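Everything on this sheet refers to the single structure shown next.
Bear in mind these aren't lab numbers, they're just calculated from the coordinates by the rules spelled out. The structure presented is a predicted model; accordingly, all values stated were derived computationally and were not measured. Using ideal geometry, Cβ is built from the backbone for each residue, glycine included, and neighbour counts are taken over all protein chains shown.
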Amino acid sequence: DVKVTQSSRYLVKRTGEKVFLECVQDMDHENMFWYRQDPGLGLRLIYFSYDVKMKEKGDIPEGYSVSREKKERFSLILESASTNQTSMYLCASSLPWAGTGTYNEQFFGPGTRLTVL
Amino acid sequence: GEDVEQSLFLSVREGDSSVINCTYTDSSSTYLYWYKQEPGAGLQLLTYIFSNMDMKQDQRLTVLLNKKDKHLSLRIADTQTGDSAIYFCALGGADGLTFGKGTHLIIQP
């Protein structure tokens, strides 16, 4: 059974703290993604990575950074957490993107609900 | 870029059919997907349709695709309380999948 796991289901942090969200996949996927999900806004892409040590900004990268040192692990870092980063964070992985003509299911983790006080 | 639109909420009575709609702007995607997100969980692929099909049926689920109108729909027959979730449509875009904002399906007893 394919699996994407996230390090925490719930996390509470204080403003200004450095926060690490970890994601691990066991499918040998090249692509990994970090989204945040907020009511009424749907999924918004923060960063994605298509290979080890490679990263691309998504739609809302401000206030976040990422790290991909190993193929199976993709970390999201909040350098100095702020209250407007309270959200549900979802990690996903997929095979390499080969254009709109190919099947490209993304597999999601269970999510981390982060609260910043 | 790709624009994918969905209504935010749909309320149906238990036992009725639910129809969740999705409209999009870019028709180049060969595959169109429906994901389901149960409360407190991540997204799971529910079904998908190949763009040269008009309809795909899988037990209680029917996917309809109208390429001319750029309209995708998901019909759930005999809606049950376990169907209560957020449903996302998704299409292939320039760099990967583009998701709609999701439709929250509310089941009334």
Point to revise | Radius of gyration and maximum dimension Dmax of chain B, Cα, Å | key: 13.2, 42
Exercise for review: Find the all-direction average of the projected area of the Cα convex hull for the protein assembly as shown, expressing the result in square nanometres with one decimal place.
Suggested key: 12.3
Revision key, fill the gap. For peptide A:31-43, the mean count of other chain Cβ atoms within 10 Å per residue Cβ is 4
Check your understanding: Roughly speaking, what is the centre-to-centre gap between the stretch A:15-42 and the stretch B:1-24 when only Cα atoms are used, to the nearest Å?
Key -> 26
Review point. Just the projected area, averaged over all directions, of the convex hull on the alpha carbon atoms of the stretch A:42-117: how many nm²?
Key: 5.7
Revision key, fill the gap. For B:LYS67, counting only lysines whose alpha-carbon sits under 29 Å away and dropping same-chain residues fewer than eight positions off, the answer is B:LYS36, B:LYS56, B:LYS101
Check your understanding: Straight-line reach from A:LYS71: which lysines have Cα under 20 Å away, leaving out those fewer than 8 places along the same chain?
Key -> A:LYS3, A:LYS53, A:LYS55, A:LYS57
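Taking DSSP loops as anything outside H, G, I, E and B, show the longest stretch in chain A free of trypsin sites (Lys or Arg not before Pro) there with at most 13 other beta carbons within 10 Å. Please list the in-between numbers first.
Details: sites that count: A:LYS3, A:ARG9, A:ARG14, A:LYS18, A:LYS53.
The answer is A:54-117.
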